Each structure stands twice: as C-alpha cells, then as structure tokens.
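Read the structure below first, then the notes.
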Protein chains: 2
Amino acid sequence: MAETPDAGGDRIVVLAHGQFPERAKTAVGVLRYGDSEVVAVLDRDHAGTVAADHRSDLPEVPVVGSMADAPDADALLIGIAPIGGGFDESWRPDVRTAIERGCDVVAGLHYFLADDDEFAALAEAHDVALHDVRKPDPDIGVAEGRSAAVDADVVLTVGTDCSVGKMTVALELLEAARDRGVDAGFVPTGQTGIMIAGWGTPVDRVVSDFTAGAVEESILEAGRDHDLLFVEGQGSIVHPAYSAVTCGILHGAMPDALVLCHEAGRERVHGYESFDLPPIPEYVDLYERLAAPVSGSAVVAGALNPDGIDADAEARSAVDSYADDIGAPAIDPIRFGPGAILDAVLGAAEDRRGRTDGGR
Amino acid sequence: MAETPDAGGDRIVVLAHGQFPERAKTAVGVLRYGDSEVVAVLDRDHAGTVAADHRSDLPEVPVVGSMADAPDADALLIGIAPIGGGFDESWRPDVRTAIERGCDVVAGLHYFLADDDEFAALAEAHDVALHDVRKPDPDIGVAEGRSAAVDADVVLTVGTDCSVGKMTVALELLEAARDRGVDAGFVPTGQTGIMIAGWGTPVDRVVSDFTAGAVEESILEAGRDHDLLFVEGQGSIVHPAYSAVTCGILHGAMPDALVLCHEAGRERVHGYESFDLPPIPEYVDLYERLAAPVSGSAVVAGALNPDGIDADAEARSAVDSYADDIGAPAIDPIRFGPGAILDAVLGAAEDRRGRTDGGR
C-alpha cells in the first residue's frame, strides 16, 4: 500500500501554480478535508492573497509565490496534475528549495520524482523522502472475496460518469459522520483522494487483474480502524474507457450500500460525446444487479452535483426529480449539506444490523 | 502490441513436461489451432509416444524427452504455465539447448526469460530472440471508443465464469468460419491465446485504466485484415476478482454480437465457492444491458461445455435446456461442432447489414 507517512498532523505547503483554486482539485481537497495543517499555498498568480479570498469554504491560509516565501513546513505536496501527469519544469526551483529546507515531497504524477536524478541526489543529501503516490505496491494481487468479512459498514460512491463528485461526496459524508460521533474512515482509490487521505492505492494504476484485489486490500486495512467506511468510486459502469476500474471497485469493495452521484443536466459521456448516458433508473438497476452476486448492495441515496444551476429553488427541484429517478433520498451535498444522504446510509446500516441480529 | 514475429509457418517445438496433454492448455491449443507446424512436443513422462495417442483430435506429432532429441525447428515455445507463472528450473537445459541450436524462445510466464542473465547472454551470442508475451506494450493507453469504426463484424465470447471455454469457442468458430470461406480472424486477450495466435496483448496484465484501450488497439489492428473477428473473452461480469477485465473487454471491443459460454452443472464461482453463479438469463440480461450504452450487442448464441456428461443424449438435453435459458441457439461445439453458433453469428451479421443498408 502506497503510504505517505506522517501525513496527519504535519505542516504542509501545497503547490498549485496558476491553477488555484478552480483547477487545483488536490490542493482544495487537502485544504477542505485533509488531516494535515496547510501553512501555505504556492501560486505565483495569486501571491499575497489568502485561500479564503478565492472560495468561502477554504481557510485563511496564505497564498505565496514560491517555496522560498513559505513558512516552516514538514512537506511540500504537488497539488495540481497537468494533463498527462507530467512534471512542469517551472516547479523545479520550488521542489529543490523544499528539499534543501528538509521537506519531504509528495506527488501524484505519472512522472516519478524519485526517478529524477537531481531530486533523488538532493533528497539523499538532505535526508528527506520523495513519495510518488501513483506508484502502486508491487505486492498487490488478485482479490479473494474477503471484503465482506470486515466489521465496518462499507459505503461506495458510484457515478453516472467521470467527474460527477464521487470523491467529494465520500469526503463530505466522512466529515458529516465524524461530526455525529461516528468512527468513520475514507478509502481513497485515486491519486487525489490518496494525497488528501495520506494513504491508499491508486486502483487505476494497478495491473488490471488486480483491480478488485487492490480495493480489497484497502478495505481490509481501513476496516480494522473504523466502524463505517466511505469508499471513493471511479468512472462509471458504462464508461467506454474506464468501466473496468469501476467494476473492479464495485466487486472488490463488496459494499453494503451505494450512493449514486450525478451531475445535473449531463447527457453525454464527458470527453466521449458520441456516447449518451443511459437513463438514471438504468444505472440504479445495473449497479445493483451487478453487485448482487458478489455483495448484494442497494443504492440507498443519491448525490446531485447541479453545476451551472444558480438558484436554490431550481437546485431543489433538480434534486427532487433526481430522487424520483433513483427511488431513494437525494441531495446536493455541497449546497444543502450531506445530512439526508448520511441519514439514509446510517438507516440502511441499522436495517442490515437488525436483519442480521434477528437472524441469529 | 506484443508480437511473436514469424510465428505463422514456423517449425516449432512445444515444451509441456509432465503435463501433456491434460494440463497443457497452450500446447494443445497450438497443436489444434496454431498456424505454425509443431515438429515435437517435449514431455519427459511421455517420450516415445505421439500426440494423437493421448487425444484423438491431435496430430501425429512425436513426443520427445528433451530438446536434444527434437528435430530441427525455428522456435521453442513454453506450452505450460505453473501456478504463479514461474520458470521451472528443470526446463533450463531445454531452453539452453534451443538457444544454442539457434531457436527463438517464446514464453507466457510472469518470469521474463529476457531478464534471465544466462538466457539473455546466450541469446545475444547465438543471435536469437526471447519473446515474453506477458510483457504488455508500454504504449497502450486509454480507450477512445473507436472499435465500432472497424469494418469487420466483431463477435465476443463472454462467460458465466472463468475456465468455461471462451478461448476454445472463439478458436472453433474461427476454424469453422474459415472452412466456410469467411475471412475471419482471432483476437486473443490472454497469454494462451496470444501464444496460439502469435500476436496480441495480455489484457489482464495492462494498467487497469487501459483495459478497454488494450482491446481497442487489438480490434483496430485485426479489423484491418479480416471481415469477421472472434474476440477471446475473459472471466465473468460478476466474478469477485476478475470482472474488471471482463467489463473492459466488453466495452473496449464494442462487439456486434456475444456468444455466452457456460459449463454445464457449474453452480459456484470456480475457486471462489462461497459465491453462487446467478441464473443464466440474468447473465444474458446483464451483458446486454451493460453493452447497450457503448455498442448495443445481443447474445446471439450459447456454447455449453458439458464437462463430465458422457452420453450424447444427455449432452443434447443439457444443450437444449441451456438454449431455452438464453433464448438463442446453443450447442456443445466440441462434441457437436460449432455450426449452429456460426449460423447464428452470421445470420445476426446479415440482419445488421440489412438494417444498416435499409437505413441509408
């Protein structure tokens, strides 16, 4: 399992040059949901501002122009990922300065920092670690169907497409569950989630035969520490390119419950516009019937991401119509809070426990 | 794309020590369906026999005890794969002799011959090639939804579980189609199929995000050369460990038609006996509805593998009941020939062409 040791409680600097906050998903995720204390964001285009100036849900963390201007920290985290996952050479001075100041460097790029001759030599000289979280653990193997054996309730966010909010919904539910005193954990499956959580396996990077096995390994690990797990789903079960990962996560996680995530108004597969999305009820049926022979999970709630809908009333109406489509409670968890989804998740878990106890 | 150059037409020796023919799936496949001429099988337990002594559907190829006893050949092919895919050190003298005699060596093991210091040095000295077909092409990427654009009709064998005959059915259909004068091709997706075909990508070994992309690449390549493609499916769509690969092949191949393969009497997932197989009609529905948003394929025929059923009458009755379950023609293609499946496949292709032409 790829781990970023000691992430929790660390003081970290997050690099997001030119992309903060709109195109800096990892940086925003770490600021919103991470266990580490972010002491600065690097964005040379916004130096002198604070994160809260850009988004009201972010803290008053200073945005500075370079690592040289950042306060003391334990680690530098690369909080943006260019298309293709390459390393932008304009970041090199910041990474160099970070290493020279004794910071570990954490990245989720396809380009591995540890394979960069300059960074590797510098890191050794300064006794710091370079963590490339996209590098999957070579020990991961085929699934053995063991996820059902964990004591924790397992909730998986699934979607109608890529980029509909599956990771965000899982993290919002995590926060809300903890606020209610539930011992909840987050199981990341992609590099952004892994960087936010500080541990995990990039399921989309493992050998295809090991897709379910990689998720199973994470579930078993997190299940030892928590009563309720929110697992980050990927892609969609009918995506022309990424359905393999979706299906492997569905069967590897053996979830007790599913939360279906959708972006209001999306009608075609993002980036694959010649493919129409099927009707919402078809997704519910497909996910449930595919899951049935392995773990038997139901879609217990829906999360709608009403991007582009400005008025609250219109968003409420979109949410109501979505709830009708899936036959379960639904909400826009960002605008209205994730309480309704959490109620449904906890209610379904109660029902299952009732059934299990009754059967004894 | 992993290629085994010049496999077609070559004279080859197939290594199958101690496992021929029952546990030598690759060796038997190459003998039955390969384009190369097999000049000897290596099995020290059966030296002095011929392949036809062991199975009546195999040719009169001599079985010899070691490479030193084999006739002239262009290549040695490792025709067995121990559990775990390791290299058995008892094979080393045969591989050494083959290289010294100027033979290429082809293997589908997890252990790569090209990474073995002795073999690599010897191969260089004797100017022969070491082909490790399990090594996926590093250039493979995400699918782009292009498989539908090939001119060839694409038929995918799908299954209710692992090891139900998906590769064999595809190869039987290939042979039968060619016998009828159809320009048909085989698209392998696993190492046995790749070794038989002499080309292909091991889809189960690529990065999970590229599962559909790897199949798409093969379809585009084979589609340039043939009018009808039989694609080797893998696993099952509800397999606790391997469904990711199954789903990626289904969406990456964008098949026009599906042939559902099943082993009579199998009720539980092989090797995962705590998981029941769902009813056969559920598989038909799941495969068709999962395929629908991407390519819209129907299950047009079924292949039943009645392992353990000895009497023809009983096998006929099992086949009839299976045909009822899938609502399409079905046959045991080994016992009764694949004609009925091929009729259904060609008929469905005719229907599609009729619809397409009518729509112009």
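Read the figures in this text as sums done on the coordinates, not as results from a lab. Values in this document were obtained by computation on a predicted structure and should not be read as measured data. Cβ sites come from the backbone with ideal geometry, for glycine too, and all protein chains shown count toward neighbours.
Descriptive notes on the structure:
- Relative contact order, whole percent, for region B:74-204 stands at 19, derived from Cα pairs under 8 Å and 6 or more residues apart.
- Across the identical copies, the 7 Å label point of B:Pro93, projected outward along Cα→Cβ, sits 6.7 nm from its counterparts, in ascending order.
- A straight line joining the Cα centroids of region A:74-148 and region B:248-281 runs 40 Å.
- Shortest-first nm distances, B:Arg23 label point to equivalent points in other copies (7 Å, Cα→Cβ): 5.7
- When the Gaussian network model of chain B links Cα atoms closer than 10 Å, the mean-square fluctuations of B:His251, B:His239, B:His270 top out at B:His270.
- Ranked list, fewest to most other Cβ atoms within 10 Å of each Cβ, for B:Thr97, B:Thr189: B:Thr97, B:Thr189
- Legend: ranking of residues B:Arg55, A:Arg180 from fewest to most surrounding C-beta atoms inside 10 Å; resulting order A:Arg180, B:Arg55.
- Using all pairs of distinct alpha-carbon atoms, the Kirkwood hydrodynamic radius of region A:147-358 works out to 16.9 angstrom.
- Neighbourhood charge, 11 Å Cβ-Cβ cut-off, centred on B:Ile140 and excluding it, Lys, Arg +1 and Asp, Glu -1: -4
- 5 angstrom amide H check on B:Thr157, placed H, neighbours 5+ away: B:Val231, B:Gly233, B:Val259
- Residues of type lysines that B:Lys166 reaches as a straight line, Cα spacing below 20 Å, ignoring anything fewer than 8 places off in the same chain: B:Lys25
- In chain A, helical runs assigned H by DSSP with n ≥ 4 each contribute -39500 (n - 2.57); averaged across all residues and rounded to the nearest 500, the mean residue ellipticity at 222 nm is -10500 deg cm²/dmol.
- The mean sequence distance of close C-alpha pairs (under 8 Å, at least 6 residues apart), as a share of the length of region A:1-160, puts its relative contact order at 20 percent.
- Springs between Cα atoms under 10 Å define the GNM used for chain B, and in it the highest mean-square fluctuation of B:Asp183, B:Asp310, B:Asp256 occurs at B:Asp310.
- With contacts taken as Cα pairs under 8 Å and at least 6 residues apart, chain B reaches a relative contact order of 14 percent.
- Cysteines in chain B lacking any other cysteine Cβ under 4.7 Å from their own Cβ: B:Cys103, B:Cys162, B:Cys261.
- Each copy carries a label point for A:Pro281 at 7 Å from Cα along the beta-carbon vector; from one copy to the others these points are 2.0 nm apart, nearest first.
- Gyration tensor (alpha-carbon) shape descriptor, region B:88-242, a/c threshold 1.5: prolate
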